[in-house]
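Right, one structure below, let's go through it.
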Amino acid sequence: MCDTCGCNVTEGNRHLIEPGGRHARTESGREAVSVLQDLLSANDHEAAHNREHFDRHGVLAINLMSSPGSGKTALLEATIERLGKEFRIGVVEGDLETENDAARVRKKGVPAVQITTGTACHLDAHMVHKALHELDLGELDILFIENVGNLVCPASFDLGQHRNVTLLSVTEGDDKPAKYPVMFRASDLMLVTKSDLLAVLDDFVPAQAEHHLRHLASEAPVVTLSAKTGDNLESWFDWLRDEAIAQEERIAQGRTVRPRVQPEGALLHAHSGA
Amino acid sequence: MHELAVCQALMDQVVLVAQREQARRVTGVTLQIGPLAGVEPQLLLDAWPIASAGGVAQGAELLIESMPLRVRCLECGCDTDAAPNRLLCGECGSFRTRPISGEELLLKSLELERDGKVA
């Protein structure tokens, strides 16, 4: 976003920058200056920079988001085991503390960079950019960014990824999309994980989770799987293969893609119907 | 609790605009925030005195305009009110909708005093 080319100007706010608007005097005699800039524009700028890096090296970047303990790292381990020969995979791990997850992933034979955020509840584009300096993107086809386990804050920060994948484990409750709408509506794919436990749970219905997701105006596909038993992992792998092909095609055409929810895109039509 | 990070990003922008406008002091900051921004206005208000302390906007009033959540239906074309976890068309019930208001996380305007001038 910028305040020079006018890309923030919409039908709803145009009056602010027309004569008398931008530098209107307030009653106190002070000057009111219209800005109309996204609060996270510095982050978004860095995210766009990261995305350029990924595209230049032909890397597909996937942001994995979920609550803590939903099985992000286990899914990555199973994915590397199965697709490690098909794709060159790299991982950026985000946690408040410890190198544990990066160590788990490295054991599977792929490069992994651990970001420890200290107290921060999410990754941001600057942290990811710094981590990218430790990875050779030219040696990768797919980069997974495992975000901090948190169903709230990571949704607000673009990292430069191409796709958002949100995990919902069956031990969490099938109404999570209704409880955390900002996170789940940002998903390009929702994975219902730990399906092997469905047999002993009587209160989680995958179709109900999908029902709540549809109420968020989301058309994202839903895949129910188990990284432990391997149940339905092929559907997830097929989605990844399709995305990898789509990324190759985009690069060949000089295009890129952002995750389903694009704050800037939304701003471009903010208030147009109000 | 990413509101402090958001508030610090806001502060960075306030400083840049204040420099550009050659402001001596920023006395008011107005934001627009929608229910889908994922930011809790009250937490931003709580974080603001900390983020603004000691800078050009110390003591400035932070005003937050809460934006309505409205969706446009891609099926029937109607614009209707919605809730964060129910973004269906209020007219025909379709889930093929797009928000037209409610995702804002915007620095709308600043009120400021300029260097050496009576504003």
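Values in this text are rule-based calculations from the coordinates and carry no lab data. Quick caveat, the model's predicted, so the values are computed rather than measured. Glycine also receives a Cβ, built like all others from the backbone with ideal geometry; neighbour counts cover every protein chain displayed.
Can you give me the orientation-averaged projected area of the convex hull built on the Cα atoms of region A:115-176, in nm²? Could the numbers behind the result be given before it?
Working: hull surface 21.6 nm².
Hull-based average projected area comes out at 5.4 nm².
What number do you get for region A:64-172 when its Cα radius of gyration is normalised by 2.2 N^0.38 Å, N = residues?
Numbers: Rg = 13.0 Å, N = 109, 2.2 N^0.38 = 13.1 Å.
Compactness ratio reported: 0.99.
Taking A:K85 as the anchor, which lysines have their alpha carbon closer than 19 Å to its alpha carbon, excluding any fewer than eight residues away along the same chain?
Answer for A:K85, where 19 Å is the Cα cut-off: A:K107, A:K108, listed by chain and number.
From the backbone phi of region A:58-70, what are the Karplus-calculated ³J(HN,Hα) couplings (6.51 cos²θ - 1.76 cosθ + 1.60, θ = phi - 60°) in whole Hz, Gly and Pro given as x?
x, 9, 8, 10, 10, 9, 9, 10, 4, 6, x, x, 8
Say a paramagnetic label sat at a point 7 Å from the Cα of A:D242, along Cα to Cβ; which residues of region A:51-95 have their backbone N under 18 Å from it?
Counting only backbone N, you get A:60-63.
For chain B, with a Gaussian network of springs between Cα atoms less than 10 Å apart, report the residue from B:E61, B:E91, B:E40 with the top mean-square fluctuation.
In this elastic network of chain B, the residue with the biggest mean-square fluctuation among B:E61, B:E91, B:E40 is B:E91.
For the charge dipole of the protein assembly as shown, defined by +1 on Lys and Arg C-beta atoms and -1 on Asp and Glu C-beta atoms about the Cα centroid, which residue among A:H212, B:A51, A:V128 has the Cα displaced farthest towards the positive pole?
Selected residue: B:A51.
With +1 on each Lys and Arg Cβ and -1 on each Asp and Glu Cβ, and nothing else charged, work out how big the dipole of chain B is about its Cα centre, in Debye to the nearest 20. Numbers along the way, then the final one.
Numbers: 11 positive and 16 negative charges, 54 e Å.
The calculation lands at about 260 debye.
When only alpha-carbon atoms are used, what values of Rg and Dmax, in angstrom, describe the protein assembly as shown?
Answer for the protein assembly as shown, Rg first and Dmax second: 22.1, 74 Å.
Measuring from centroid to centroid over Cα atoms, what is the spacing of region B:1-67 and region A:138-199 in Å?
So the separation of the two Cα centres works out to 29 Å.
Where both partners of a DSSP beta bridge lie in the protein assembly as shown, what percent of those bridges are antiparallel, to the nearest 5?
Close to 40 percent.
Express the relative contact order of region A:42-252 as a whole percentage, based on alpha carbon pairs under 8 Å and six or more residues apart in sequence.
On the way: 420 pairs, mean separation 53.3, N = 211.
Relative contact order here is 25 percent.
Taking only the alpha-carbon positions of region B:18-119 and ignoring solvent, what does the Debye formula give for the base-10 log of I(q)/I(0) at q = 0.17, 0.23 Å⁻¹?
Treating every Cα as an identical point scatterer, log10 I(q)/I(0) equals -0.78, -1.09.
Using a Förster distance of 35 Å, how high is the FRET efficiency between A:L201 and B:Q42, based on the Cβ-Cβ distance and rounded to 0.05? Spell out each step's value before the answer.
On the way: r = 36 Å, r/R0 = 1.02.
Plugging the Cβ-Cβ distance into 1/(1 + (r/R0)^6) gives 0.45.
List the residues whose amide H sits under 5 Å from the amide H of B:L87, counting only those 5 or more places along or on another chain, with H placed 1.01 Å from N in the peptide plane.
Result for B:L87 returns A:L216, A:A217.
Return, for the Cα atoms of region A:42-252, the radius of gyration and Dmax in Å, separated by a comma.
Taking only Cα atoms of region A:42-252, I get Rg and Dmax of 16.1, 48 Å.
On C-alpha positions alone, give me the angle between the axis of helix B:41-52 and the longest principal axis of chain B, in degrees, nearest 10.
For B:41-52 against chain B, the angle is about 20 degrees.
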